[in-house]
Amino acid sequence: MLHFHRRPRIITIGGRPFVSQGLSRRIWDDIYHHALTVRWPVFFALVGTAFLLLNTVFATLYQLGTQPIANQFPQGFGGAFFFSVETLATVGYGDMHPQTIYAHTVATVEIFTGMGCIAVVTGLIFSRFSRPRAKMIFSNHPVIRVIDGQRTLMIRAANTRQNVIAEASAQLHMLRLETSPEGFKLRKIYDLKLVRDRHPIFILSWSLMHIINESSPLYGMTPADMESTQAVLLLTIEGIDETTSQSMLARHQWSHQELRWNHRYLDLVHDDGNGLNTIDYNVFHDVLPLEDDEQAG
């Protein structure tokens, strides 16, 4: 049986790598998940390899019989292999056909196997194509700045597909390491309440804001505090894609190093003076430090 548990798995959370060890990762334990998540070239390479191996097995079985295939060409293993390909795919050109009871028996098993394999591969390809995938981008750097006299955490998101995502909802969380009075270390998750956590028609961009007041888990925290607690921000956006009527989900995470204090985003939308607005995604990730009067609010 094929095993993968010898190779540690590295999982990155907020830019911090975690090495996962001790879990069995046999491919047969979750073969459907592996088939859906591997890259397309790997998927087709695996399907092609399985196809060749299966035909090799049946070609060998045909060769064990005495003149099992009529009009076999070429003679030997090559002809048996090509006949196996025709039989497994249920093509049956008609030139070569089984002519003994043994060959008919092997062909019956192969046709049944071929129908099952075609159904499985077709289902996997359909599942891979039909899976809903959100095309959202998130700003590289969350910023903290003063807006309307209140210190505010701001994050940009955009729907690059630019179709309607209806009833989009967002959830922002902070994960940080804390130590109890008894010295017990654990990672706690805090909800960061957003000024607006729902968007009726998320088409272009969305500026998500969290006010850092007395009720905020970020209240009173400094960059040094964020670093000492290994703070991580987690954002999830979910909604209904009106094109496919399927639920879409996208998420992103930022470590404390990616947070920019007293910065602002460059404006995305510009008015040309003639009533035409231009949204420039080339500056989507760009941030600038605030002037002294802007920092004071």
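Considering only Ile118, Gly275, Leu64, and ranking their Cα positions along the charge dipole of the chain that arises from unit charges at the beta-carbon of Lys, Arg, Asp and Glu, the one farthest toward the positive end is Leu64.
Taking every alpha-carbon pair under 8 Å whose residues sit at least 6 apart, the chain reaches a relative contact order of 15 percent.
Annotation for segment 211-297: GluC sites (Glu not before Pro) lying in DSSP loop with at most 10 further Cβ atoms inside 10 Å of their Cβ are Glu214, Glu291. From helices alone, the chain scores -9000 deg cm²/dmol at 222 nm; the rule is -39500 (n - 2.57) for each run of n ≥ 4 DSSP H residues, then divide by the residue total. Of the residues Ala35, Ala158, Ala89, which exhibits the maximal mean-square fluctuation in a Gaussian network model of the chain defined by a 10 Å Cα contact cut-off? It is Ala89.
Among Gly183, Gly76, Gly149, the largest mean-square fluctuation in a Gaussian network model of the chain (Cα springs under 10 Å) belongs to Gly183.
Amide hydrogen proximity for Trp261: with H placed 1.01 Å from N in the peptide plane, the residues at 5 or more positions away or on another chain lying under 5 Å are Ile144.
Across the accessible surface of segment 148-276, with the other protein chains kept in place and a 1.4 Å probe, carbon and sulfur atoms take up 50 percent. The phi torsions of segment 139-144, fed into the Karplus equation with coefficients 6.51, -1.76 and 1.60 and a -60° offset, translate into couplings of 4, 5, 10, x, 10, 10 Hz, rounded to whole numbers, with Gly and Pro shown as x.
Computed over the chain with a Gaussian network model linking Cα atoms closer than 10 Å, the most mobile of Trp261, Trp40, Trp206 is Trp40. Accessible surface calculations at 1.4 Å, restricted to protein heavy atoms, place the chain at 62 Å² per residue. Computed on protein heavy atoms with a 1.4 Å probe, the accessible areas place Asp271, Asp286 in the order Asp271, Asp286, largest first.
The values are calculated or read from the model by the stated rules, or taken from the named source; none is laboratory data. Nothing here was measured: the structure is a model prediction, and the numbers come from that model. So basically every Cβ, Gly included, is an ideal-geometry build from the backbone, and we count neighbours across all protein chains shown. Accessible surface areas use protein heavy atoms only, side chains included; no ligands, DNA or RNA. Shrake-Rupley method; radii C 1.70, N 1.55, O 1.52, S 1.80 Å.
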